[in-house]
Amino acid sequence: MDLYSNKMNWSEVQDLFRLWREENVRKSTEVVDLWERILQKKIHKLGDERLLVLEQVCVASLDCNRLEVADACLKALSTEFPTSLRIRKLKALKLEALERYDEALDVLDSIIKQDDTNAAPRKRRVAILRARGKIPDAIKELAEYLKKFMSDLEAWQELCDLYLFEQDFARAAFCMEELILHNPHSHLIHQRYADIRYTQGGFENMELARAHYCLALKLSPNNIRALYGLFLSATNIAISTKCTSVKKKENNKLAKWALNEINNRYEEQCGKSNQTAALEGLINSLQILSTGWFTVPPKPV
């Protein structure tokens, strides 16, 4: 909050709010604070942009549980647009904040009935179901949503999270495959898909995990989690009874390379310190069970 001092004038705050809207930055506390201290008194100078600012402040105040601020913004917006679907969505958000979920769902349903192509209220329905702990219902709702809005990457990501919550790894992997098709150059998507395949286990899944850890490293050489995953998946493949002698040699070489890279990265960051020694001791102490699984899964740094 010290970055946004009282020395800022209303025009600078207006520009800052606009920047946060364009970049979709979530700074709810800062928005409410700057609104109350500086911009609220100059709302009449904002022109048509005041409507966007009021909407921005309304959402931020609900995020901060400042219901009195949200009420004031909603009142001002409703006066100008009493029948707007956008304002009704804000009212549904307020009902969510009050945990009046059934009423919020009724408002969202009325919006969907009036505008079947409006994606926002459908996504809010999923959010409400998840907030109430109704994960199977949220999955069903989101699956129906994706039949109409198949290119929504955030929805695929959310559906993957819901399936992982239910430990349905096969369907979660399918969601990640859809994300790879839409955005094949994201190292984080490849890494997460590899994590899921690694968790599923089995020789074929380990090979898929190793391949996508390699892709993640190719796209982002500094991805330490992918290095850990590559080391563990390659070693698991090498000790598998299904692995041929040629593959065993290749995977041992790959695991050794990944381990050296991990050690080098730690040494670059902190030198040959106690942390590096502890890392080497941890890796050396990894125990391989008779089933071919490591006792320690890949960990983020």
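Things worth noting here:
- Residue in region 185-204 that is surrounded by 20 or more Cβ atoms within 10 Å (Cβ to Cβ), hydroxyl-bearing (S, T, Y) and over 16 Å from the mean Cα position of the chain (by Cα) present: yes
- Residue in region 236-244 that is modelled with pLDDT of 55 or more and more than 17 Å from G201 (Cα to Cα) present: yes
- Helices (runs of 4 or more DSSP H) completely within region 124-188 that count 3 or more residues being of a type in the set (F, W, Y): 153-165
- Any hit, region 83-106, residues being among the acidic types (D, E), in contact with a helix residue (DSSP H, G or I) (Cβ under 6 Å, 6 or more places away or on another chain) and within 21 Å of A119 (Cα to Cα): yes
- Just so you know, in region 44-55 the residues that are open to solvent by less than 60 Å² (accessible area, probe 1.4 Å) and in contact with a helix residue (DSSP H, G or I) (Cβ under 9 Å, 6 or more places away or on another chain) include one that is farthest from D102 (Cα to Cα), and it is L46.
- Residue count for region 155-170, restricted to those that are in contact (Cβ under 8 Å) with a residue 12 or more places away in the chain and open to solvent by 20 Å² or more (accessible area, probe 1.4 Å): 9.
So that you can scan it fast, the table gives a plain yes or no per residue for (1) open to solvent by less than 80 Å² (accessible area, probe 1.4 Å); (2) modelled with pLDDT of 90 or more; (3) hydrophobic (A, V, I, L, M, F, W, C):
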| residue | (1), (2), (3) |
| --- | --- |
| I38 | yes, no, yes |
| K42 | yes, no, no |
| V57 | yes, yes, yes |
| A70 | yes, yes, yes |
| L95 | yes, yes, yes |
| A104 | yes, yes, yes |
| S110 | yes, yes, no |
| I128 | yes, yes, yes |
| I135 | yes, yes, yes |
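- The set of residues from region 108-130 being among the charged types (D, E, K, R) and more than 22 Å from the chain's Cα centre (by Cα) comprises D109, K113, D115, D116.
- Test: residue in region 213-223 that is in a helix (DSSP H, G or I), over 29 Å from the mean Cα position of the chain (by Cα) and hydrophobic (A, V, I, L, M, F, W, C): no
- Within region 22-50, residues that are under 18 Å from N65 (Cβ atoms) reach partners that are in a helix (DSSP H, G or I) and open to solvent by 60 Å² or more (accessible area, probe 1.4 Å) with beta carbons closer than 8 Å, at six or more positions or on different chains, in the pairs R26/D63; S28/V59; S28/D63.
- Considering the conditions (1) open to solvent by 80 Å² or more (accessible area, probe 1.4 Å); (2) at pLDDT 90 or above, E268 is excluded by exactly one of them, (2).
- In the set A238, A234, only one residue is crowded, with 19+ Cβ neighbours inside 10 Å and either in contact (Cβ under 8 Å) with a residue 24 or more places away in the chain or acidic (D, E) (or both); that residue is A234.
The values are calculated or read from the model by the stated rules, or taken from the named source; none is laboratory data. Just so we're clear, the structure is a prediction, and the values are computed from it rather than from any experiment. Here the Cβ is made from the backbone with ideal geometry for all residues, glycine too, and neighbour counts use every protein chain on show. Accessible surface areas use protein heavy atoms only, side chains included; no ligands, DNA or RNA. Shrake-Rupley method; radii C 1.70, N 1.55, O 1.52, S 1.80 Å.
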